[in-house]
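The block underneath contains the structure these notes are about, expressed in structure tokens.
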Amino acid sequence: MPDDWSWFWAGENGRDNLLRDELEGLQSRAFEASQQSARLSSQLRTLQGSLESRLQALSTAFDAYVELGDVREQLAGYPGTSAVRRASLRALLTLDASGVPDPLATGEVDYWLVGATNEVVALATGASVPASSVGPADGRPGGTVGNAEHETFVVAALGWLGHGERVAERVAPLLLADGALAAPQVVLWRAVAHGRYPGALPGVERAWSRDLDLTAETWRRFAADTAKAVTPLQTVRWIQLLVQGGWSPTVVAPSAAGERSDARATIDTDDDRTALRRVVEALVGAGLGDERVLLERARVLRARIEDPGAPEPDAEQEPPRTPTTTLVQQALLDPRVGAEERRTLVGWARPGLDAAVTAIAAEVAAQRPGPQAVHTEMGQVMVTTDGADPARLAELDAHAVQSRTRSRAAVLVPAVGAGVALLAGLALLRTAAAGLGVTLLLAVVVLVVVLLREVVRTRRGRVELEEIRERTRQRVEEGRQAAVAAAAEDLATKAEVATLARSLTGQASLR
């Protein structure tokens, strides 16, 4: 607010200005206060929402914690199986540390994990398999309750511990899944492909003989995507490299190649070992009978306590499965797969690759190079190896002539007018109307100038038309040469594709 002296000496206009400035200042402060109030309201709503979400998360975690306590009390009623799981893990860790653990005591608990662990210990240490590990149902290890879990546990554990060759023949039955594998089976398969179970691939091939998709389209798409092929010839060339062993998914620089290979092998071994160990630990932690449900519920509750906002998994939803064909294709592109294993996998895929090559060869043989589209000043014309269509060229030439030919009247009218004006002007010069005669003679000069310009334009149009015709002939000839080159390239491509197809598939009929 202005002070009293300023108000007194300001005058009427000055007082208006003072009041206007004060009003603008009040409006500015009111706007700032409104903005600050809006910011505070937004922060309050955010804080309120954050507090509500946190309270909800705390409530969810607390409920899960309380329920977990109840589940643990129920699990306390299974002391025997819990002791077996702990003893099994201790035995496996001892084996992993190159030690020799004591066999697990059978006790009063009828738990498949006891026999499976003892079998792993015996096979890993070279001892004889205990008779308690052989079930009466089929005379094989794990023939009692939990046969599938028993087999998976033994195979995965020995693969983790580096003794996969001792159970190589037992891997294939674990990978039977009607053309698609669950996550634990995928782990076993990748370990097989990476050579952790030497000699297991033939058994897997027999198990998957009816599951692999060996259609031409499947393997053609796989080859084209992998090779990033733009033409069918590039796809066939990549298939040839794959079949002949000339393609590798890894490119190692010449410098320090040995060091990188050693490091890669170490990392790959650790990855397989870690994955197999997780499979084993999951089987150990699954429990037995009613205890299995309690253990699974305990895992869900612990996850909810750690992350209260995460959605609870649907127990009825089936886990995703991976098709065996996809797994074979992934293994072909996996740099961790050895050369020998890759050759074996190529043999599995050979029927599909041959079918793809045969389909590509038939498609290429049926293709015919189309005409070349040539854009000229007259218009577009299609050109083949024999040149352009004469009728189309004549049509375009007629349009060009029509558009660039000037009307005869543009020349005749000024010429006739100039002649008439000249005669009339000369006649009038001898009469009293000599001035009009001079005017007519001036008009003659103008008409002559117009006539000359029209004659020049007509001749220039004819010259331009001839130049356009010449350029059109040149473009048509260039198009014809391009069509000839395309036809020659097409013949060469067909010949190379047919040759590659015959060498790969052995079909002499491919031409």
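The values are calculated or read from the model by the stated rules, or taken from the named source; none is laboratory data. Quick caveat, the model's predicted, so the values are computed rather than measured. Every residue, glycine as well, gets a Cβ built from its backbone with ideal geometry; the counts of neighbours run over all protein chains shown. For accessibility, only protein heavy atoms count, side chains too; no ligands or nucleic acids. Shrake-Rupley method; radii C 1.70, N 1.55, O 1.52, S 1.80 Å.
Taking the alpha carbon gyration tensor of the range 374-505, what are the square roots of 5 times its eigenvalues, largest first, to the nearest whole Å?
They are 64, 10, 7 Å, listed largest first.
Principal axis extents for the range 158-259, Cα atoms only, whole Å, descending order, please.
45, 41, 23
Would you mind working out the magnitude of the charge dipole of the range 374-505 relative to its Cα centre, with +1 at each Lys and Arg C-beta and -1 at each Asp and Glu C-beta, to the nearest 20 Debye?
The dipole magnitude comes to about 780 debye.
What accessible area per residue, rounded to a whole number of Å², is obtained for the range 374-505 using a probe radius of 1.4 Å?
Normalised by residue count, the accessible surface of the range 374-505 is 63 Å².
Please report the carbon-and-sulfur percent of the accessible area for the range 374-505; probe 1.4 Å, protein heavy atoms only, DNA, RNA and ligands left out.
Looking at the range 374-505 in its full context, I get 63 percent from C and S.
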